[in-house]
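Single-structure report; data block below.
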Amino acid sequence: MFKYFYRIYDKYNKKIVALAIFTEDRKGYKPSSFDYDFHGTKLSYHYNNYKILEQQESELLDSDNPFAMVILARLYSLEVRVKIV
C-alpha cells in the first residue's frame, strides 16, 4: 500500500485517500498499516481498509448502492467455495 501511495503522490502531488479492499476468506487478516524501522530510520503508514467478510448480507441487500451487489456476489462466492473445498 505504501509503495502505491508514494508513487501516486510523487507523480501528481495531490492529497490521497488509500483504501485496501480485502476479498479473501481469512477472517483474521485485516492489516491497516505498514511499518519500517532500520538503523534509526522509521516510517509508519496507516491506511483505510474494507473487509468483505465483515459485511452484513441484509444491509447489502437493502442498499441502493450498486457496489453493494458486487460485495454481495463476492460474499456468495466465498460461501460456495467453502462448501466445495
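Readers should treat all values here as calculations from the given coordinates under stated rules, not as data from a laboratory. In this text the structure is predicted, and so the values were computed from the model without any measurement. Glycine also receives a Cβ, built like all others from the backbone with ideal geometry; neighbour counts cover every protein chain displayed.
Exposure proxy check: THR41, THR23 ranked by fewest other beta carbons within 10 Å?
Ordered from fewest to most neighbouring Cβ atoms within 10 Å, THR41, THR23 come out as THR41, THR23.
For the chain, give the magnitude of the charge dipole about the Cα centre (Cβ charges: +1 Lys/Arg, -1 Asp/Glu; no others), in debye to the nearest 20.
460
Can you compute the helix-only [θ] at 222 nm over the chain? Use -39500 (n - 2.57) per DSSP H run of at least 4 residues, normalise by all residues, nearest 500 deg cm²/dmol.
-13000 deg cm²/dmol
Could you tell me what percent of the DSSP beta bridges with both partners in the chain are antiparallel, to the nearest 5?
60
Counting alpha carbon pairs within less than 8 Å and at least 6 residues apart, what relative contact order, in whole percent, applies to the chain?
25
Evaluate the charge dipole of the stretch 1-51 about its Cα centre and quote only its size in Debye, nearest 20, assuming +1 on the Cβ of each Lys and Arg and -1 on the Cβ of each Asp and Glu.
Roughly 180 debye for the stretch 1-51.
Using the Karplus curve 6.51 cos²θ - 1.76 cosθ + 1.60 with θ = phi - 60°, work out ³J(HN,Hα) for each residue of the stretch 63-71 in order, rounded to whole Hz, and write x for Gly and Pro.
6, 8, 6, x, 4, 4, 5, 5, 5
Can you pull out the chymotrypsin sites (Phe, Trp or Tyr not before Pro) in the chain that DSSP calls coil and that have at most 16 other Cβ atoms within 10 Å?
Loop-located and lightly packed - TYR29.
If you filter the chain for GluC sites (Glu not before Pro), then keep DSSP loop positions with at most 15 other Cβ within 10 Å, what is left?
For GluC sites (Glu not before Pro) across the chain that sit outside H, G, I, E and B with at most 15 neighbouring Cβ atoms in 10 Å, the list reads GLU24.
Within the chain, which is the longest segment that contains none of the trypsin sites (Lys or Arg not before Pro) sitting in a DSSP loop with at most 10 other Cβ atoms within 10 Å?
Excluding the exposed sites themselves, the longest stretch runs over 28-85.
If I compute Cα extents along the principal axes in Å from the structure I just sent, which labelled value in (i) 38, 28, 21; (ii) 41, 26, 24; (iii) 48, 30, 17 lines up?
(iii)
Non-local amide H neighbours of ALA18 (under 5 Å, H modeled in plane, Pro and chain starts lacking H): which ones?
ASN48
Would you list ASP64, ASP10, ASP25 from fewest to most Cβ contacts within 10 Å?
ASP64, ASP10, ASP25
Give me the angle, in degrees from 0 to 90, between the Cα long axis of helix 2-12 and the longest principal axis of the Cα atoms of the chain, rounded to the nearest 10.
Tilt of helix 2-12: around 70 degrees.
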